[in-house]
């Protein structure tokens, strides 16, 4: 029998790193993408939000249409519309024009389809 543990779109995360995780920090935990919603020093627990629409940094030259797959570029800590070796994390919910430095992404929606190659 299943037991509901949380239903608020977040999960409890132990910061095993050496730096403090600040609220608003995007985090990729294995293949699970989310955003820190409560600061955590090393060794402390925090909540990671895994749903919702978030504003993220993105390269100013990038462009994207509504609904296309969004990927996390861990090297540059930004969203990208380029699959490559980046991890799919959701869908753009607003068109992103060149010269804009932020984008709106609904996280963890359609990421599975993008990962399998059927989502852009």
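Where a number appears in this text, it was derived from the coordinates with a stated rule and is not lab data. Predicted model, so just to flag it, every value in this text is computed and none were measured. In this analysis, Cβ positions are derived from the backbone assuming ideal geometry, glycine residues included, and neighbour counts consider all displayed protein chains.
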Suppose we keep only residues that are assigned to a loop (DSSP other than H, G, I, E, B) and touching a strand residue (DSSP E or B) at 6+ places or on another chain (Cβ under 7 Å) within the range 1-19. Which one would you say is surrounded by the fewest Cβ atoms within 10 Å (Cβ to Cβ)?
9
If we keep just the residues of the range 20-30 that are free of Cβ contacts under 8 Å to residues at least 24 places away in the same chain and touching a strand residue (DSSP E or B) at 6+ places or on another chain (Cβ under 8 Å), which is farthest from residue 81 (Cα to Cα)?
20
Hey, could you check the range 77-92 for residues that are touching a residue at least 24 places away in the same chain (Cβ under 8 Å) and assigned to a loop (DSSP other than H, G, I, E, B) and say which is farthest from residue 104 (Cα to Cα)?
83
State whether one or more residues within the range 31-48 are closer than 23 Å to residue 97 by Cβ, assigned to a strand (DSSP E or B) and touching a strand residue (DSSP E or B) at 6+ places or on another chain (Cβ under 6 Å).
no
